[in-house]
Amino acid sequence: MKDTAAKLGLLPEEYDRIVETLGREPNFTEISIFSVMWSEHCSYKNSITWLKKLPKDGSRILAKAGEENAGLVDIGDGLACAFKIESHNHPSAIEPYQGAATGVGGIHRDIFTMGARPIAALNSLRFGDINLAKTKWLVRGVSKGIGDYGNSFGVPTIAGEVYFDESYNINPLVNAMSVGIVEKGKTISATSYGAGNPVFIVGSATGKDGIHGATFASGDLHEDSASSLPSVQVGDPFQEKLLLEATLEAMQSDAIIGMQDMGAAGITCSTSEMSAKGKAGMVIWLDKVPTRQPDMKPFEILLSESQERMLVVIKKGREAEVEKVFEKWDLHCTQIGEVIDGDILKYYMHGELVAEVPADILVLGGGAPIYQREVKEPEYFNEIKKYNIDNIPQPKDLVAVAKSLAAEVNIASKKWIYEQYDSMVQTNTATTNRPSDAGVIRLKGTNKGLAVKVDCNPYYVFANPRIGTAIAVSEAARNIVCSGGVPVAITNNLNFGNPYNPEVYYMFTEAIMGMGEACNKFDTPVTGGNVSFYNQSADGGPVMPTPTIGMLGVIDDMTTHTQLGFQNDGDEIYLIGKPENDISSSQYLLKYHNTKYSPTPFFNLDEEFKNQEAIKGIIKEKLILSAHDVSDGGLFICLLEAGMVNNFGFDISSDNTIRKDAFLFGECQSRIVVSVDKDRVGALENYLTSHGVSFSKLGKVSTQNISIDGENFGSIPEYKDIYENALGVMMEG
Amino acid sequence: MKCGVIIFPGSNCDHDTVHMLQTVYGLQTVELWHKDADLQGCDMIFVPGGFSYGDYLRCGAVARFSPIMEAVIKFANQGGFVMGICNGFQVLCEAHLLPGVLMRNANQKFICKNIYLRTETSDSAITAAIERGKVLKIPIAHAEGLYYADDNIIADLNKNHQILFRYSDANGNVNDATNPNGSLSNIAGICNATRNVFGMMPHPERAGEGILGNTDGKLIFDSIMQFASEKVA
């Protein structure tokens, strides 16, 4: 049995621990249960010690990290927002279409299982070298998978980010985020209690797909991974849509005790987590579970990750009310067990007890193992220490650099991907016609909106995981602030390599520290998320460390929603924040100069915070007409993006105290480009001066031409053609 | 005017359409469930966008056989006013209330973006308040929006002024470059010969509120309001 346990991914000491806890040898079904529940994916055994260091308290927090399926935040007007991000990296590496589709389905289910209606989706994607045929196959499959699932399900995808780098050649990252709204106090908990209360399974029938998916996600990808194909689930967005409507309708009565969706580890996970939370036991009759094929074995039914299913505990005597709703939506709703006293889970098959395990020892925070891993500063840091900007030559033709950056895959428009997503269904998306740095949706029936964004520049994290992650949090906050919102809370998706590699674990721990520092500064507690280790190939080393931040912001008054695009010819352009003689880890340095090792761009958290507070203030006072933060590609790309929205050019002067390439293409942080009506210039300058904020006047919005220090850099239509079509050309040749 | 919005399992623009009619226009609006066969005395029926019954078969192919659609077909054949948007347009074609079919987009991909429509006639309930030739900016969001019909049907549509909208650019130019999905003759919306059944792929309900930054879609709903008031008067 110990060998079987090892094959399913359990360590020898973990097996001994099972024997000790049960007081006997486990049988095969029980080993299967432990193997998934104690997998990295379900137990967070290698990360939880560090995750607990993150700030999780705040005045708006209604459900803290780990308490429910997703974080829950008070957004005022009697409303609460449930939001979370989750990865589906390994399934997408093997079967990009279904992998990405079920990733979207899974995260939406986490939201509506709490009683919240999903109203926005976001995603953060990482792919390998765009020139590889395999990368194009992955991009096609993932974008179509996300689109087909979300479009049919009927939730708009309103923001996202994509990076291409060879470190993701074999192991792409697919992180999907869902945001839902529920009336405060009307949520449903993932709990189970009250002996005699019936336990129901609702939604799709259970098949053999995704068995041991959680274990699969907890190991390195290797050549045989394609033969693990049955570990990848198949999605059915139509079933999910029915499940959504039925679930929200069923919740209108108070007949439901608790509910949890079935994601990783299926029935095993939902029965154990709900029981552990409600401090109750449960009897499950596996032969009652509706199955897609005959003769499924107990472990297969227990571990199946068939999609679009929920476990529901109902008050005894009120089953008919709930059954009626699911019947209306033509969904299975079948009793498969009942709650019992004690803390034991008993699984029966045709009257025979096939597994008996205490719920608490299976789950995170209960008896699941917890580890600290060894850390070691990565070797390549020595290369970074050798970097000196003075060794980087300044190109003579900066216009050529500007045009090459506009076509750079990490900078150019991602519309080839996102036009495949329905971004407007539900008719709340304000950023379709008024684009801003974050995705913005209005909340019907209120004056409010939400501003949401996902961010992580992995090159910065690679350069310094602590500072790079603090920048990721800051950039997400900056995007929300530039859109007119106030950052409220975050969810995170920590994508790293194998945690048993001390260099990887070092990056993980440093990223956590940086995230904590920045979240404390912005008062944005971490409401949960997902850890995805083992993102690497057996031969290619780990992916770049990618701690993706999904941030929620609130816009209290939608009339302050601020756009990123210039509005009028002749408006003045200001830069808030200070330019530095810095091109570190910029796309310009990485791609134009092919220099991989350099520090993070200049960053000071206090300065960042001060500048963001200033943006909040000048937006509230309605002093500016647009705001766009300086990020990938530097100031030039920022101005270009602001110009392209409404086809305006710009005429600016550079700062002769720093290198011109650094001024135009450097990515030093905490800078925001704003445009202002010339009548408001005085008020703006007074505000910024009185608040001690660094700023400079750059120039003016013009008709279609771009002029820098009097030099003609080309026209907006010319750049627009390059910027908007670059990815399409790369994808379709 | 009392409006009915059909709800199939898998409809996902049903709430948006109700919001437009009920909240933005203050019209009495009821949701009509696919398993029912009662149109509850509605004056106009809206078949909304979405993925009826999952649309795993040809879009709209299953929906046309639902009990509510039997009632809608009967209603339309008696002269009742019916409008299909996106999936609703597909359903109305499948139900043979409108001629032609909607096929996969020429690029084989789902496309969601703002496009421009040139209004081809004011002679219909949904274009009554729009000048002929006026260009509207309205989003599309579909994978199967390529309008196709045989030459005879296209000739009839032209002859009878049944083509309501064509895909154009912002200046009203209609050509291949302004055709997002490969539709024949850039057709984006049509009506039947008796001018009581309408279908369009673009989503006017997504362009009807200032807070969303685009109110061009309101002209279509304004047309319906104007037409209804004239009819009553």
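Quick notes on this structure:
- Applying the criteria of a DSSP loop state and at most 12 other Cβ atoms within 10 Å to the trypsin sites (Lys or Arg not before Pro) of the range B:67-155 yields B:Arg132.
- Nearest 10 degrees, 0 to 90: helix A:502-522 Cα axis against chain A principal axis: 70
- Averaged over the residues of A:145-155, the number of partner chain Cβ atoms lying within 10 Å of the residue Cβ comes to 4.
- The range B:2-232 shape via C-alpha gyration tensor axes, a/c threshold 1.5: rounded
- Bridge type composition, the range A:474-596 - antiparallel percent by DSSP, nearest 5: 70
- Nearest 10 degrees, 0 to 90: helix A:96-112 Cα axis against chain A principal axis: 80
- Think of chain A as having a plus end and a minus end, set by charges on the Cβ of Lys, Arg, Asp and Glu; of A:Val162, A:Asn447, A:Met1, A:Asn447 sits farthest toward the positive end of this dipole.
- Sites B:Asn107 and B:Ile153, calculated FRET efficiency, Cβ-Cβ separation with R0 25 Å, nearest 0.05: 0.55
- Taking the longest Cα principal axis of chain A as reference, the axis of helix A:634-644 is set at about 90 degrees.
- Surrounding net charge for A:Ser696, when Lys and Arg each add one and Asp and Glu each subtract one, Cβ distance under 13 Å: -1
- Length-normalised contact order of chain B in % [C-alpha pairs under 8 Å, at least 6 apart]: 18
- Mean ellipticity per residue at 222 nm, deg cm²/dmol - from DSSP H runs of n ≥ 4 across the protein assembly as shown, formula -39500 (n - 2.57): -9000 deg cm²/dmol
- Share antiparallel - DSSP beta bridges, the protein assembly as shown, percent rounded to 5: 75
- Taking the Cα centre of chain A as reference, the dipole from Cβ charges on Lys and Arg (+1) and Asp and Glu (-1) amounts to some 840 debye.
- Candidate lysines for bridging to B:Lys74, where Cα separation is under 19 Å - those fewer than 8 sequence places away on the same chain excluded: B:Lys2, B:Lys35
- Dipole in debye (nearest 20) - chain B, about Cα centre, beta carbon charges: Lys, Arg +1; Asp, Glu -1: 220
Each reported figure results from applying straightforward, stated rules to the coordinates on display, with no laboratory input. No experiment lies behind these values; they were computed from the predicted model shown. Virtual Cβ from ideal backbone geometry, glycine too; neighbours counted across all protein chains shown.
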